[in-house]
Amino acid sequence: MARHPPPARPRLVFHTQLAHGSPTGRIHSFTNVKELYGKIAEVFSISPSEILFCTLNSHKVDMQKLLGGQIGLEDFIFAHVRGETKEVEVTKTEDALGLTITDNGAGYAFIKRIKEGSTIDRLKTVCVGDHIEAVNDQSIVGCRHYEVAKMLKEQARGEPFTLRLIEPKKAFDMIGQRTRAPKSSEGKMVSGKETLRLRSKGTATVQEVPSEFEEKATKKVDDLLESYMGIRDPELGETQFRMNSTIKALDETTTIVEAGKDKTNPDDFAEALDSVLGDFAFPDVFLFDVWGAFGDVKNGRV
């Protein structure tokens, strides 16, 4: 009896525009962030290196709409491209600068949040969405967000240093905006029952949506990452596509949860985490706080 090949999955097609204004294009057949940027660049005849980051359903620099949360076939992808370059001298007056750093998954780190009243908040030329291109003339293009956060954290108090920033190109109605992410309800998100997890290496796999434990533990680990390292990235890293028209992201946070969810003691958890994320060099106090968070979730205290 002849065996029929499995039916082909529907091709995911997305609409895209440049955030500062452009015609609408259509993209498909990409498997990771770099390929996505390549497809967008091809549509608009620009270099992929021009794209800083993408938002969903809003052309504004809205950090709540970063590509990677969830994306449906009815959603628009807006690509924010390189605009003006600016250099800013910064002097740390306290241990923390007041920045939350993220990256686009393709080599560009940028500012996701600025804490009100912080050192950076007082520098009115620094904005959410600015790509950090260099620190003291040392290029950080290609660095991940946690590497940039570590570099900034290591700058000495009282000694000035220079940031070279690239701001996203602005449309006419965006000129004058600075840091506050709009509380937008634009667009409609679609949820699904399965996800296709895409990896930078290897083939994609279909997976169920995260369990209640994984979702709650991910939120707790996210909070701890932001507290300890100034990073918070459930959106970026490896990406997963929801098979019924949506995309959601996996990242270092998910890796931490996966490393710890089946462990019975903190030593086994630390060993598992070191085997997959050794480059982070997490302090022991962070590991014990994460282990405690897992216990809170499992025992219903969260």
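The values are calculated or read from the model by the stated rules, or taken from the named source; none is laboratory data. The structure presented is a predicted model; accordingly, all values stated were derived computationally and were not measured. Here the Cβ is made from the backbone with ideal geometry for all residues, glycine too, and neighbour counts use every protein chain on show. Accessible surface is based on the protein model in full, side chains and every heavy atom, while ligands, DNA and RNA are left aside. Shrake-Rupley method; radii C 1.70, N 1.55, O 1.52, S 1.80 Å.
The label point for Phe288 and the one for Val13, both projected 7 Å from the Cα toward the Cβ, are 5.7 nm apart. Grab the other residues whose beta carbon is less than 13 angstrom from that of Lys261, score K and R as +1, D and E as -1, and report the net. My count for the surroundings of Lys261 gives -2. Among Asp284, Asp268, the order of accessible area from largest down is Asp284, Asp268, computed with a 1.4 Å probe on protein heavy atoms. Summarising the label geometry, the points placed 7 Å from Cα in the beta-carbon direction at Ser118 and Asp267 lie 3.8 nm from one another. Applying 0.36 nm per residue to the separation of Ser139 and Gln64 and subtracting their alpha-carbon distance, the gain on full extension is 24.3 nm. Here Val88 and Phe213 are evaluated by their C-beta separation; at R0 = 35 Å the FRET efficiency comes out at 0.25. In the distance distribution for region 46-169, Cα-Cα pairs more than 25 Å apart total 22 percent.
Please list, in chain and number order, the residues 5+ apart from His20 or on another chain whose amide H is under 5 Å from its amide H, with Hs placed from the backbone. Excluding prolines and chain starts, which carry no amide H, the hits are Val81.
Shown in residue order for region 148-162 are the 3J(HN,Hα) couplings computed by the Karplus curve 6.51 cos²θ - 1.76 cosθ + 1.60 at θ = phi - 60°: 5, 4, 5, 4, 5, 5, 7, 5, 6, 5, x, 10, x, 9, 10 Hz (x for Gly and Pro).
Ordering Lys115, Lys261 by accessible surface, largest first, gives Lys115, Lys261; the 1.4 Å probe counts only protein heavy atoms, with every chain in place. Using the Cα centre of region 9-144 as origin and beta-carbon charges of +1 (Lys, Arg) and -1 (Asp, Glu), tell me which of Val126, Gly25, Gly38 is placed farthest towards the positive end of the dipole. Going by the charge dipole, the pick is Gly25. Per-residue Karplus couplings for region 137-146, computed as 6.51 cos²θ - 1.76 cosθ + 1.60 with θ equal to phi - 60°, are listed in order as 6, 8, 5, 10, 4, x, 7, 7, 4, 5 Hz, Gly and Pro entered as x.
Our estimate of slack between Arg301 and Ser45, defined as 0.36 nm per intervening residue step minus the Cα-Cα distance, is 86.9 nm. One quarter of the surface of the convex hull around the alpha-carbon atoms of region 28-104 equals 6.8 nm², the direction-averaged projected area.
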